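The values are calculated or read from the model by the stated rules, or taken from the named source; none is laboratory data. This structure is a prediction, so every number in the text was calculated from the model and none was measured. Cβ placement follows ideal geometry from the backbone for every residue including glycine, while neighbour counts extend to all protein chains displayed.
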Amino acid sequence: MNYDVIIVWAWAAWMFCWINLDKNLTKLILEKTDKPWMKVLLSWWERANVSNADIDVERDYFWQNKKALISIFKKYNNWDIQSFFAENWINIVEEDRWRLILESGDSKELVNLLIKKSKDNNCDLRINSDVKKIKKQENIYEIELENWIKYKTRNVIISSWWKSFFQVWTTWEWYNFAKDLGLNLITPHRALCWLTTKKDFKELSWSSMELWLKLIDNKKEIYSEFWPFLFTHFWISWPIVFNTATVLWEYLNSININSEEDKIKYILENIKIELDINKEKATKKIVKFFDKELENDEKIIFWLQDWRSWKEAKATGWGIDINELDNNMQSKTNKGLYFIWEVVDITWKTGWFNLQWAWSSAYVAAKNIKK
């Protein structure tokens, strides 16, 4: 059976892509599981997160080609998605750090709107459809499912989480499809995850406070941020650490430390964390643990060891080299082949920046496809 567009794998971005495709196009979504709506709910953490009101592309995202991402956000940004919800009578409120969330706090309200808008834009949805092959024959893509059923289309849009969030049916297949079609892929890494330390913090386990954190390479400051921070045994956590973990990987890559083995070796020998703890605001447990340093008005310094496991990563860094795509998310060498959201080598800080990337990449891909 032939379609104008086939979207492979159902995640947050695919619904927005579906909504914005031309109504005259014939459309099909192939979803691996029988729970596409559950996956969408999980995309918003069940709290109806939407975007962030204060987005600076160069500050809040990590990638190689800055101009490419800026171009995409010029076409569709955080103000556009707020207008979309306002036009559909859904109220958005702002939380701390400019994070945007539905006033109702109910992600089902958001999903119901997207389902309604999607149905208005006619599209076939096929669940329990595991894609096994994507082949290109001239300007047509043939998609083969596990049960040997085949579809043909002029346009394929691939949208997925991948190595992170394995517990919500992430998938690796697209990685091999992209390689087979000749695209350049950058080795994935754990992003937005906890960090392990050489120092034992079990006496402080689950103690938290707001503080300044600095990431340091010997005496050189790499990154700093003020936000709540959490101690847990031999590792540290919360959004300030998730951001630091992502910055650390990008930094090591920028100084040409490429393999994971070499990165770990470098971390053990050179990378440390400095905490600026306000004694007056710290818990008694924290004050007691760092009594000597705090008494002498010293910074708290300890050495890092590694990133925590893939099971705990909130995102996957890297993927399809964005230089392989035009500013409509289309492959430069394979016309009609689009990659959106996490499969592209764009990573973000915590604060709902991932959702804006989902909206923006989905929108520009959809609007580029014509009958």
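Looking at segment 59-150, what strands (runs of 3 or more DSSP E) fall wholly within it and have at least 3 residues that are among the hydrophobic types (A, V, I, L, M, F, W, C)?
Once the strands (runs of 3 or more DSSP E) in segment 59-150 are filtered for at least 3 residues that are among the hydrophobic types (A, V, I, L, M, F, W, C), what remains is 99-102, 140-145.
Please specify each residue of segment 45-83 satisfying the condition of being surrounded by 15 or more Cβ atoms within 10 Å (Cβ to Cβ) and without any contact (Cβ under 8 Å) to a residue 60 or more places away in the chain. Listed by number, the residues that qualify are Ala53, Val57, Gln82.
For segment 75-119, the set of residues classified as charged (D, E, K, R), modelled with pLDDT of 90 or more and under 16 Å from Cys17 (Cα atoms) consists of Lys75, Asp80, listed by residue number.
With respect to the conditions (1) touching a Lys or Arg at 6+ places or on another chain (Cβ under 9 Å); (2) surrounded by 13 or more Cβ atoms within 10 Å (Cβ to Cβ); (3) without any contact (Cβ under 8 Å) to a residue 60 or more places away in the chain, Ser129 falls short on a single one, namely (3).
Of Asn278, Asn328, which residue is out of contact with any Leu (no Cβ under 6 Å at 6 or more places or on another chain) and not assigned by TED's automatic domain parsing to the domain that holds Ile55?
One residue alone meets the criteria, Asn278.
Under the condition of being assigned to a strand (DSSP E or B) and more than 29 Å from Lys265 (Cβ to Cβ), the residues counted in segment 292-327 number 1.
Kindly indicate whether Ile264 is touching a strand residue (DSSP E or B) at 6+ places or on another chain (Cβ under 6 Å), within 30 Å of Leu211 (Cα to Cα) and either exposed (fewer than 13 other Cβ atoms within 10 Å of the Cβ) or not aromatic (Phe, Trp, Tyr) (or both). Considered against the rule, which asks whether it is touching a strand residue (DSSP E or B) at 6+ places or on another chain (Cβ under 6 Å), within 30 Å of Leu211 (Cα to Cα) and either exposed (fewer than 13 other Cβ atoms within 10 Å of the Cβ) or not aromatic (Phe, Trp, Tyr) (or both), Ile264 comes out as yes.
Here's a check for you: in segment 151-163, which residue that is modelled with pLDDT under 80 and either crowded, with 23+ Cβ neighbours inside 10 Å or part of a helix (DSSP H, G or I) (or both) is nearest to the chain's Cα centre (by Cα)? Outline the logic, then answer.
Residues of segment 151-163 modelled with pLDDT under 80: 160-163.
Retained after the next criterion (residues that are either crowded, with 23+ Cβ neighbours inside 10 Å or part of a helix (DSSP H, G or I) (or both)): 160-161.
Values: Ser160: 10, Trp161: 8 Å.
Here the answer is Trp161.
So which residues in segment 32-67 are aromatic (Phe, Trp, Tyr) and at pLDDT 85 or above, if there are any at all? Break it down into steps so the answer makes sense when it comes.
Filtering segment 32-67 for residues aromatic (Phe, Trp, Tyr) gives 37, 44-45, 61-63.
Hit for segment 32-67 is Tyr61, nothing else.
Here is the figure for segment 223-252: residues that are over 21 Å from Glu312 (Cβ atoms) and not aromatic (Phe, Trp, Tyr) total 1.
For segment 180-223, which residues satisfy the criterion of being within 21 Å of the chain's Cα centre (by Cα) and either under 15 Å from Tyr251 (Cβ atoms) or not β-branched (Val, Ile, Thr) (or both)? Don't jump to the end; show me each part of the working.
From segment 180-223, those within 21 Å of the chain's Cα centre (by Cα) are 183-195, 223; that's our starting set.
Residues satisfying the conditions are Leu183, Asn184, Leu185, Pro188, His189, Arg190, Ala191, Leu192, Cys193, Trp194, Leu195, Tyr223.
Residues in segment 323-355 that are over 17 Å from the mean Cα position of the chain (by Cα) and without any contact (Cβ under 8 Å) to a residue 60 or more places away in the chain were compared, and the one that is surrounded by the most Cβ atoms within 10 Å (Cβ to Cβ) is Gln330. Among the residues of segment 356-369, is any hydrophobic (A, V, I, L, M, F, W, C), over 29 Å from Trp227 (Cα atoms), more than 16 Å from the chain's Cα centre (by Cα) and in a loop (DSSP other than H, G, I, E, B)? There is at least one residue in segment 356-369 that is hydrophobic (A, V, I, L, M, F, W, C), over 29 Å from Trp227 (Cα atoms), more than 16 Å from the chain's Cα centre (by Cα) and in a loop (DSSP other than H, G, I, E, B).
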